[in-house]
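Here, each number is a calculation from the coordinates, and none is a lab measurement. Nothing here was measured: the structure is a model prediction, and the numbers come from that model. For neighbour counting, all protein chains shown are included, and Cβ atoms are generated from backbone atoms with ideal geometry for every residue, glycine included.
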Amino acid sequence: MSLPQFAYAAPKTLEEALALLAQHRGDARVMAGGTDLLLKMERRKLAPAVLIGLKRIDELRYIRFEPEQGLFIGALARLSDVVEDAIIRAKYPAIAHAASRTATVQIRNMGTVAGNLCNSSPCADNAPTLIARGAKVELVGAQARSRWLDLEKFFTGPGATALAPDEIMRQIHVPCPPGGSAAAYQNISARSKVDISAVSVGVHLTRRDGKCHDARIVLGAVAPVPMRAREAEALLVGTGMDEDVMRASGEMAAREARPISDVRASSEWRREMVAVLTRRALRQAWDSIASAHGGIVNR
Amino acid sequence: MSTHGDDEKGGVSRRGFLGGVAGFIGVTAVGSTAEATPVPKAEIYEASGLSKLTLQVNGRTHSLLVEPRWTLLYVLRDRLGLTGTKPGCERGECGACTVLFDGVTRYSCMTLALEAEGHEITTIEGIMAGEALGPVQQSFADEDAFQCGYCTPGQIVAVEGLLRQNASPSIDEVREGVSGNLCRCGAYGHIFKAAMRAAAMKQVS
């Protein structure tokens, strides 16, 4: 890989990194795993004068679960860390699964979940499930300014986010899964599983008294940013989630999607796959709620 | 521009330390500098200069001068002469450049050399058993797990990394473990067999 020249800064604290970013405003980029950023530089789409490497900032390297508050994923938690984390696998299996469907083993050993979000590809594998689970991201700026944003509002376009030029994503927070709830992630590419997702769907369902109490459906790679399929969600609430309801919801999601045709797939195929994957994800999530509660849920 | 620190004679500059950032920071630095004043200083590797770097590769320590933009792949092959690691796509897709980084597989084509400092790098040359082939290499030979052989060092290192994480993988785990390594000859069937054989050999030895 032939890269343009850049200076590399290796701060050891977040404060140092933020100060560097403020000092080199507009001329610096923050790098965690580098698997997306270096590619953009190799293709000369980006040529920052300074790369601010986060790797030595140990305070950003964590995955933490707080029983009252939920899950916190630090900016340096790699995709493979999330795939292998025992608590994420137990309490947030769909989030671990989405991380496991991201790229290849080697990339997962390098890239981070936060980086996958900050790169803001419409097909980022980790976004749909995290949005469906109500994740927020913490963005910090110079002078320790911090703000929390719903992940759903973080993406502003392909490759564009709500991050201000002087901000760094410190962490991702996912609330505790509500009782009687489950999430699921489904993705597909037109070629192999290591190829970039052509369509992805993350869902979150809550079940009460045998009926769907709450539903979130998030579609990836079929709009400029990951999108909620709100009409498809509305079809589910209050129903018993039989096969017809799930099929109708999938078809509604396909109508709500705004896919384009590109090198990976046609818009028509993408729309059909939205219907299929939504139905599969809904079935998977609903079944896993039932099995987690011995088939009887009464909350 | 971003960098300062003085170029030393011969065009070789040392790593600079960035000062002048204290105005942004109201807290004490936790860095490793043992100065009286609590001014945080991030280590800076200058864009056009060469910075001194120490790399641990296959159990040996190498001191060399690098530019920030040099990849680990370039340094291994062109500076250290370890040409077993292959350049392929050079954009993190084909896996020919796979090395172990603290025992874990990664693409050396998209790893900056200076980010490898402080980590133990293992290349295909480092998984020999002295002058003899290591178990994964021997298994690839025994199973005829290659045709042109170009992807083979990367495949072997990927399998080595897999087996260090998971000593007795299932065939599906093997498929997953080498899914980041492309073989355009299509020797996959034999590669999977070689990986299973290597797992068995390692268990015995």
**Request:** Compute the acute angle (0 to 90°) between the alpha-carbon long axis of helix A:14-23 and the principal axis of greatest extent of the alpha-carbon atoms of chain A; round to the nearest 10°.
**Result:** 70
**Message:** Whole angstrom only: what separates the Cα centroid of the range B:114-175 from the Cα centroid of the range A:1-43?
**Reply:** 32
**Message:** To make sure I understand the rule: partners must be aspartates and glutamates, Cα under 15 Å from the Cα of B:Lys41, and not fewer than 8 residues away in the same chain. Which ones qualify?
**Reply:** A:Glu15, A:Glu16
**Prompt:** What is the ratio of the Cα radius of gyration of chain A to 2.2 N^0.38 Å, where N is its residue count, to two decimals?
**Reply:** 1.01
**Fill in**
With label points set 7 Å from each Cα along the Cα-to-Cβ direction at A:Asp195 and B:Leu133, the distance between them in nm comes to 3.4
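Percent relative contact order of chain A, based on C-alpha pairs within less than 8 angstrom and at least six residues apart? Spell out each step's value before the answer.
Numbers: 680 pairs, mean separation 44.4, N = 299.
Reported as a whole number, the value is 15 percent.
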**Request:** With r as the distance between the Cβ atoms of B:His62 and B:Asn166 and R0 = 45 Å, compute the FRET efficiency 1/(1 + (r/R0)^6) and round to 0.05.
**Result:** 0.90
**Fill in**
Of A:His204, A:His24, A:His97, the most mobile residue in a GNM of chain A (C-alpha springs, cutoff 10 Å) is A:His24
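For the protein assembly as shown, compute Rh as the Kirkwood radius over C-alpha pairs and then the Stokes-Einstein diffusion coefficient at 37 °C and 0.692 mPa s; write the answer in µm²/s, rounded to an integer.
Working: Rh = 24.2 Å.
In µm²/s, the coefficient is 136.
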**Request:** May I ask which of A:Lys91/B:Lys193; A:Lys12/B:Lys202; A:Lys40/B:Lys193; A:Lys45/A:Lys153; B:Lys86/B:Lys202; A:Lys136/B:Lys52 have a Cα-Cα span longer than 29 Å here?
**Result:** A:Lys91/B:Lys193; A:Lys12/B:Lys202; A:Lys40/B:Lys193; A:Lys136/B:Lys52
**Asked** Between A:Asp262 and A:Glu84, how many nm apart are label points set 7 Å from Cα along the C-beta direction?
**Response** 3.1
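What is the percent of Cα-Cα separations in the range B:128-204 that go past 15 Å? Walk me through the numbers on the way to the answer.
Numbers: 1349 of 2926 pairs.
Distances greater than 15 Å cover 46 percent of the Cα pairs.
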**Complete:** Square roots of five times the C-alpha gyration tensor eigenvalues of the range B:51-126, ordered largest first and given in whole Å, equal 17, 14, 11
**Prompt:** At q = 0.11, 0.12, 0.18, 0.20 Å⁻¹, what base-10 log of I(q)/I(0) does the Debye formula yield for the range A:4-125 when every alpha carbon is treated as an equal point scatterer in vacuo?
**Reply:** -0.40, -0.48, -0.98, -1.13
**Asked** Using the 10 angstrom Cβ neighbour count as an exposure proxy, how do A:Glu231, A:Glu84 rank, fewest first?
**Response** A:Glu231, A:Glu84
**Asked** What is the distance in Å between the Cα centres of the range B:45-85 and the range A:44-114?
**Response** 27
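Please arrange A:Ser267, B:Ser108 by counting, for each residue, the other beta carbons lying within 10 Å of its beta carbon, fewest first. Mind dumping the intermediate values first?
On the way: A:Ser267 14, B:Ser108 30.
Fewest to most other Cβ atoms nearby, the residues stand as A:Ser267, B:Ser108.
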**Request:** Could you list B:Tyr188, B:Tyr74 in order of exposure, starting from the residue whose Cβ has the fewest other Cβ atoms within 10 Å?
**Result:** B:Tyr188, B:Tyr74
**Size of the range A:150-264 as Cα extents on the principal axes (Å, biggest first)** = 47, 33, 25
